[in-house]
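**Q** This is the structure I want to talk about, given as structure tokens.
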């Protein structure tokens, strides 16, 4: 401190008076208002050609929540070449994808999916087939942060290309096919669209399935509930909202009060097997959307089958037959029943 000698004593120097109003205020900083999000037009390049629209957008719109991406697609705000498009639309080279103003661009991304490998049923340089567990989504979105595809990509960072060929419901287990090359993806998806593949499912249903009921040819209509959840219902033949849906059914084993079915689909509609079997009066055990809810709860508590609690949906993609995308050789892949399903069957008494 500066001291001055006044009358033989050292005293502090007089302080300069502060300006009226107290200490000087810091310069005011005018808040910057972020620019509102704008409509974007994304051009599909060669590396993205053939992708599903939802996957294309999820990769382009980094930082935007997946639930929001699916919401704008469902609402019709995303346009491909000025036309409405669904999540499973395949974008092509040169397509113009219009994206509405979206918030979240530039924000920190959600934590990456944890790397995970799954039981491999078949693998070569063209494709990968795994045994998907029940309860695991095939991809993120609609309230799910990540699924099989995101986890596999994290587990295989060296993979230059890895895409889902088809889908399974989250609660459905079994054979899931993925492509490791774009040429393989295109060839396999062509087979699925042309119905040149054979898919067989194991389904345990409530009650005694009628021996004469071997084919279900009932149109289905997909809709959204008020809370945004996707659902499917049967409609009358000729209803313009319905899409023709064909399911074949064979009895594999009869139990007292239950039937194990071998089910095939000739069309790949959303929730097709679940809705068709429920509409026939024999819902799938453990189905939380179209099933017998009270029975499902009793099974989960262990009140129905002595000594066993079963909490899951008994629908398993057991066999898949298709042609190899490169060699053309016929492949048939089989996934064993999950341990929980086997344990349930072992405790059910067979029908007399």
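The values are calculated or read from the model by the stated rules, or taken from the named source; none is laboratory data. Everything quoted here is computed from the prediction, not taken from an experiment. Using ideal geometry, Cβ is built from the backbone for each residue, glycine included, and neighbour counts are taken over all protein chains shown.
**Q** Within the stretch 201-222, count every residue that is part of a strand (DSSP E or B) and modelled with pLDDT of 95 or more.
**A** 11
**Q** Now for a separate question. Looking at (1) part of a strand (DSSP E or B); (2) farther than 30 Å from residue 351 by Cα, find the lone condition where residue 175 falls short.
**A** In the conditions (1) part of a strand (DSSP E or B); (2) farther than 30 Å from residue 351 by Cα, residue 175 misses (2) alone.
**Q** Only one of 288, 292 is surrounded by 15 or more Cβ atoms within 10 Å (Cβ to Cβ) and either over 20 Å from residue 250 (Cβ atoms) or without any contact (Cβ under 8 Å) to a residue 40 or more places away in the chain (or both). Can you tell me which?
**A** Exactly one residue qualifies, and that residue is 292.
**Q** From the residues in the stretch 163-212 that are under 22 Å from the mean Cα position of the chain (by Cα) and without any contact (Cβ under 8 Å) to a residue 24 or more places away in the chain, which one is nearest to residue 328 (Cα to Cα)?
**A** 190
**Q** Could you run through the stretch 333-352 and say how many residues are in contact (Cβ under 8 Å) with a residue 40 or more places away in the chain and exposed (fewer than 12 other Cβ atoms within 10 Å of the Cβ)?
**A** The number of residues fulfilling the criteria is 3.
**Q** Would you mention how many residues in the stretch 310-352 are touching a helix residue (DSSP H, G or I) at 6+ places or on another chain (Cβ under 6 Å) and farther than 21 Å from residue 282 by Cβ?
**A** The total comes to 2.
**Q** Follow-up. In the set 235, 218, 249, which member is in the same structural domain as residue 313 (by TED's automatic domain parsing), more than 21 Å from the chain's Cα centre (by Cα) and closer than 21 Å to residue 316 by Cα?
**A** From the options 235, 218, 249, the qualifying one is 249.
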